[in-house]
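Quick notes on the structure that follows.
The values are calculated or read from the model by the stated rules, or taken from the named source; none is laboratory data. Everything numeric here is computed off the predicted structure, so don't read it as measured data. Ideal geometry is used to build each Cβ from the backbone, glycine not excepted, and the neighbour counts take in all protein chains shown. These accessible areas exclude ligands, DNA and RNA; they are computed on the full protein's heavy atoms, side chains included. Shrake-Rupley method; radii C 1.70, N 1.55, O 1.52, S 1.80 Å.
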Amino acid sequence: GESVGLHLPTLSVQEGDNSIINCAYSNSASDYFIWYKQESGKGPQFIIDIRSNMDKRQGQRVTVLLNKTVKHLSLQIAATQPGDSAVYFCAEIGAGGTSYGKLTFGQGTILTVHP
Amino acid sequence: GAGVSQTPSNKVTEKGKYVELRCDPISGHTALYWYRQSLGQGPEFLIYFQGTGAADDSGLPNDRFFAVRPEGSVSTLKIQRTERGDSAVYLCASSPTPGLQTQYFGPGTRLLVL
(Lines give C-alpha, C1' and ligand atoms only; values in the text may rest on other atoms or scores of the structure.)
Protein backbone atom coordinates (compact mmCIF):
# COMPACT_ATOMS: atom_id res chain seq x y z
CA GLY A 1 0.00 0.00 0.00
CA GLU A 2 0.93 3.59 -0.27
CA SER A 3 2.63 5.16 2.70
CA VAL A 4 1.43 8.46 4.03
CA GLY A 5 4.57 9.14 6.00
CA LEU A 6 3.92 10.27 9.56
CA HIS A 7 0.16 10.42 9.16
CA LEU A 8 -0.63 6.80 9.96
CA PRO A 9 -4.24 5.79 10.59
CA THR A 10 -4.98 5.59 14.28
CA LEU A 11 -7.38 3.51 16.34
CA SER A 12 -8.15 4.28 19.97
CA VAL A 13 -10.05 1.76 22.09
CA GLN A 14 -10.85 1.13 25.71
CA GLU A 15 -9.29 -1.79 27.53
CA GLY A 16 -11.48 -4.85 27.13
CA ASP A 17 -13.02 -3.75 23.84
CA ASN A 18 -12.45 -5.65 20.61
CA SER A 19 -10.24 -3.99 17.97
CA ILE A 20 -10.36 -4.34 14.20
CA ILE A 21 -7.44 -3.17 12.09
CA ASN A 22 -7.78 -3.12 8.32
CA CYS A 23 -5.28 -3.35 5.52
CA ALA A 24 -5.49 -3.19 1.73
CA TYR A 25 -2.81 -5.10 -0.14
CA SER A 26 -1.60 -4.41 -3.62
CA ASN A 27 -0.54 -7.64 -5.32
CA SER A 28 -3.30 -9.99 -6.37
CA ALA A 29 -0.66 -12.71 -6.87
CA SER A 30 0.42 -12.64 -3.22
CA ASP A 31 0.10 -16.03 -1.56
CA TYR A 32 1.02 -15.41 2.04
CA PHE A 33 0.12 -12.65 4.47
CA ILE A 34 1.46 -11.77 7.89
CA TRP A 35 0.43 -9.34 10.59
CA TYR A 36 3.22 -7.75 12.60
CA LYS A 37 3.13 -5.68 15.77
CA GLN A 38 5.82 -3.05 16.25
CA GLU A 39 6.41 -1.32 19.56
CA SER A 40 8.42 1.86 19.79
CA GLY A 41 12.14 1.21 19.39
CA LYS A 42 11.69 -2.47 18.53
CA GLY A 43 11.59 -4.61 15.43
CA PRO A 44 8.34 -6.00 14.01
CA GLN A 45 6.99 -8.95 15.99
CA PHE A 46 5.05 -11.78 14.29
CA ILE A 47 1.39 -12.03 15.36
CA ILE A 48 -0.41 -14.30 12.92
CA ASP A 49 -0.24 -15.41 9.30
CA ILE A 50 -2.64 -16.70 6.65
CA ARG A 51 -2.21 -18.31 3.25
CA SER A 52 -4.18 -17.30 0.20
CA ASN A 53 -6.18 -20.56 0.16
CA MET A 54 -7.79 -19.61 3.47
CA ASP A 55 -10.17 -16.81 4.38
CA LYS A 56 -9.93 -16.95 8.17
CA ARG A 57 -7.42 -18.02 10.76
CA GLN A 58 -7.59 -17.77 14.53
CA GLY A 59 -4.90 -17.49 17.15
CA GLN A 60 -4.92 -16.63 20.78
CA ARG A 61 -7.11 -13.49 21.06
CA VAL A 62 -6.43 -12.67 17.39
CA THR A 63 -8.23 -13.51 14.17
CA VAL A 64 -7.15 -12.66 10.63
CA LEU A 65 -9.67 -12.41 7.80
CA LEU A 66 -8.66 -12.42 4.14
CA ASN A 67 -10.90 -11.20 1.32
CA LYS A 68 -9.07 -11.85 -1.94
CA THR A 69 -11.86 -10.42 -4.06
CA VAL A 70 -11.25 -6.91 -2.78
CA LYS A 71 -7.63 -7.51 -1.65
CA HIS A 72 -8.38 -6.78 1.97
CA LEU A 73 -7.02 -8.12 5.25
CA SER A 74 -8.23 -7.47 8.73
CA LEU A 75 -6.86 -8.24 12.16
CA GLN A 76 -9.29 -8.63 15.02
CA ILE A 77 -7.99 -8.45 18.58
CA ALA A 78 -10.35 -9.64 21.30
CA ALA A 79 -10.41 -8.08 24.77
CA THR A 80 -7.75 -5.53 23.87
CA GLN A 81 -5.19 -4.81 26.59
CA PRO A 82 -2.88 -1.82 27.17
CA GLY A 83 0.04 -4.03 26.16
CA ASP A 84 -1.50 -4.30 22.69
CA SER A 85 -0.75 -0.61 22.06
CA ALA A 86 1.65 -0.50 19.11
CA VAL A 87 1.82 0.04 15.36
CA TYR A 88 0.36 -2.85 13.38
CA PHE A 89 1.49 -3.70 9.86
CA CYS A 90 0.18 -6.18 7.36
CA ALA A 91 2.70 -7.68 4.94
CA GLU A 92 2.45 -9.87 1.84
CA ILE A 93 4.77 -12.30 0.08
CA GLY A 94 4.36 -13.47 -3.49
CA ALA A 95 4.89 -17.06 -4.55
CA GLY A 96 7.04 -16.18 -7.51
CA GLY A 97 8.39 -13.56 -9.82
CA THR A 98 9.91 -10.36 -8.49
CA SER A 99 7.95 -10.52 -5.24
CA TYR A 100 9.19 -13.99 -4.27
CA GLY A 101 10.56 -14.24 -0.77
CA LYS A 102 10.37 -10.59 0.19
CA LEU A 103 7.86 -8.88 2.41
CA THR A 104 5.95 -5.90 1.10
CA PHE A 105 4.48 -3.96 3.99
CA GLY A 106 1.19 -2.11 3.94
CA GLN A 107 0.43 1.11 5.71
CA GLY A 108 0.68 0.78 9.47
CA THR A 109 -2.07 1.53 11.97
CA ILE A 110 -1.38 3.01 15.39
CA LEU A 111 -3.43 1.23 18.04
CA THR A 112 -3.82 2.98 21.40
CA VAL A 113 -5.54 1.15 24.24
CA HIS A 114 -6.77 3.25 27.13
CA PRO A 115 -7.03 1.63 30.60
CA GLY B 1 16.01 -19.88 21.87
CA ALA B 2 17.88 -16.78 20.77
CA GLY B 3 16.22 -14.53 18.24
CA VAL B 4 17.76 -12.35 15.57
CA SER B 5 20.35 -10.00 16.99
CA GLN B 6 21.76 -6.83 15.47
CA THR B 7 24.69 -4.65 16.39
CA PRO B 8 25.17 -1.84 17.05
CA SER B 9 21.74 -0.84 18.30
CA ASN B 10 22.53 2.78 17.48
CA LYS B 11 25.09 4.32 15.18
CA VAL B 12 25.83 8.00 14.70
CA THR B 13 28.20 8.93 11.90
CA GLU B 14 29.18 11.90 9.81
CA LYS B 15 28.28 12.42 6.19
CA GLY B 16 30.79 10.72 3.94
CA LYS B 17 31.87 8.07 6.42
CA TYR B 18 31.69 4.29 6.00
CA VAL B 19 29.53 2.14 8.30
CA GLU B 20 28.98 -1.57 8.85
CA LEU B 21 25.86 -3.02 10.41
CA ARG B 22 25.85 -6.60 11.64
CA CYS B 23 23.08 -9.20 11.80
CA ASP B 24 23.15 -12.57 13.53
CA PRO B 25 20.15 -14.65 12.39
CA ILE B 26 18.31 -17.39 14.22
CA SER B 27 20.47 -20.51 14.26
CA GLY B 28 19.68 -22.81 11.34
CA HIS B 29 17.84 -20.22 9.28
CA THR B 30 19.19 -20.26 5.75
CA ALA B 31 17.37 -17.15 4.54
CA LEU B 32 18.40 -13.71 5.78
CA TYR B 33 16.83 -10.39 4.82
CA TRP B 34 17.70 -6.73 5.20
CA TYR B 35 15.03 -4.02 5.32
CA ARG B 36 15.14 -0.28 5.90
CA GLN B 37 12.48 1.61 7.83
CA SER B 38 12.02 5.35 7.76
CA LEU B 39 10.06 7.18 10.42
CA GLY B 40 6.33 6.55 10.15
CA GLN B 41 6.63 3.98 7.37
CA GLY B 42 6.73 0.23 7.03
CA PRO B 43 10.00 -1.58 6.38
CA GLU B 44 11.21 -1.65 2.77
CA PHE B 45 13.10 -4.55 1.30
CA LEU B 46 16.80 -4.16 0.51
CA ILE B 47 18.34 -7.59 -0.10
CA TYR B 48 18.01 -11.24 0.84
CA PHE B 49 20.42 -14.14 1.07
CA GLN B 50 19.87 -17.83 0.60
CA GLY B 51 22.91 -19.33 2.27
CA THR B 52 25.99 -17.35 1.28
CA GLY B 53 24.64 -15.91 -1.94
CA ALA B 54 22.52 -12.81 -2.49
CA ALA B 55 19.35 -14.18 -4.08
CA ASP B 56 17.75 -10.78 -4.66
CA ASP B 57 19.43 -7.40 -4.18
CA SER B 58 16.87 -5.39 -6.13
CA GLY B 59 16.02 -3.19 -3.14
CA LEU B 60 19.50 -1.75 -2.61
CA PRO B 61 19.11 1.95 -3.46
CA ASN B 62 22.49 2.45 -5.14
CA ASP B 63 26.03 1.10 -5.33
CA ARG B 64 27.01 2.66 -2.01
CA PHE B 65 25.12 -0.17 -0.34
CA PHE B 66 26.55 -3.68 -0.21
CA ALA B 67 25.92 -6.75 1.94
CA VAL B 68 27.75 -9.99 2.52
CA ARG B 69 27.13 -13.28 4.27
CA PRO B 70 30.40 -15.17 3.76
CA GLU B 71 29.69 -18.25 5.89
CA GLY B 72 25.94 -18.42 5.49
CA SER B 73 25.20 -17.19 8.99
CA VAL B 74 26.16 -13.66 10.11
CA SER B 75 25.59 -10.89 7.59
CA THR B 76 27.06 -7.41 7.34
CA LEU B 77 25.40 -4.49 5.56
CA LYS B 78 27.97 -1.97 4.40
CA ILE B 79 27.26 1.64 3.46
CA GLN B 80 29.94 3.75 1.83
CA ARG B 81 30.06 7.55 1.69
CA THR B 82 27.02 7.87 3.91
CA GLU B 83 24.49 10.61 3.20
CA ARG B 84 21.96 12.23 5.51
CA GLY B 85 19.19 10.49 3.59
CA ASP B 86 20.58 7.12 4.71
CA SER B 87 19.38 7.84 8.25
CA ALA B 88 16.83 5.17 9.13
CA VAL B 89 16.36 1.98 11.10
CA TYR B 90 18.00 -0.97 9.38
CA LEU B 91 16.20 -4.21 10.19
CA CYS B 92 17.39 -7.74 9.68
CA ALA B 93 15.11 -10.78 9.52
CA SER B 94 15.58 -14.50 9.01
CA SER B 95 13.46 -17.48 8.08
CA PRO B 96 14.14 -21.24 7.94
CA THR B 97 14.09 -21.14 4.13
CA PRO B 98 13.11 -18.42 1.65
CA GLY B 99 9.64 -18.15 0.19
CA LEU B 100 6.28 -18.43 1.90
CA GLN B 101 7.66 -18.39 5.42
CA THR B 102 7.35 -16.14 8.42
CA GLN B 103 10.28 -13.79 8.73
CA TYR B 104 11.49 -13.06 12.25
CA PHE B 105 12.94 -9.62 12.84
CA GLY B 106 15.76 -8.33 14.97
CA PRO B 107 15.55 -5.10 17.00
CA GLY B 108 17.19 -3.02 14.27
CA THR B 109 20.11 -0.62 14.07
CA ARG B 110 19.22 3.05 14.23
CA LEU B 111 21.56 4.91 11.91
CA LEU B 112 21.87 8.68 12.11
CA VAL B 113 24.03 10.46 9.56
CA LEU B 114 24.92 14.01 10.59
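Annotations for the structure displayed:
- For residues of A:95-108, the mean tally of beta carbons on other chains within 10 Å: 5
- In the protein assembly as shown, the DSSP beta bridges split such that about 85 percent are antiparallel, to the nearest 5.
- With R₀ set to 45 Å, the beta-carbon distance separating residue B:78 from residue A:58 gives a calculated FRET efficiency near 0.55.
- Subset of A:37/B:78; A:42/B:11; A:37/B:17; A:71/A:102; A:42/A:71; A:42/A:68 violating a 23 Å alpha-carbon distance limit: A:37/B:78; A:37/B:17; A:42/A:71; A:42/A:68
- The mean number of Cβ atoms from other chains found within 10 Å of a Cβ in peptide A:31-41 is 2, as a whole number.
- Panel note: contact residues of the stretch B:68-114 (accessible area lowered by at least 40 Å² against the chain on its own; 1.4 Å probe) correspond to B:99, B:100, B:102, B:103, B:105, B:110.
- Size of chain A from its Cα atoms: along the principal axes, largest to smallest, the extents are 45, 29, 23 Å.
- Neighbours of residue A:113, meaning other residues whose beta-carbon lies under 11 angstrom from its beta-carbon, give a summed charge of -3 when Lys and Arg score +1 and Asp and Glu score -1.
- Percent RCO, i.e. relative contact order, over chain A, from Cα pairs under 8 Å lying at least 6 residues apart: 37
- Placing dummy labels 7 Å off each Cα toward the beta-carbon, the span from residue B:27 to residue A:69 is 4.9 nm.
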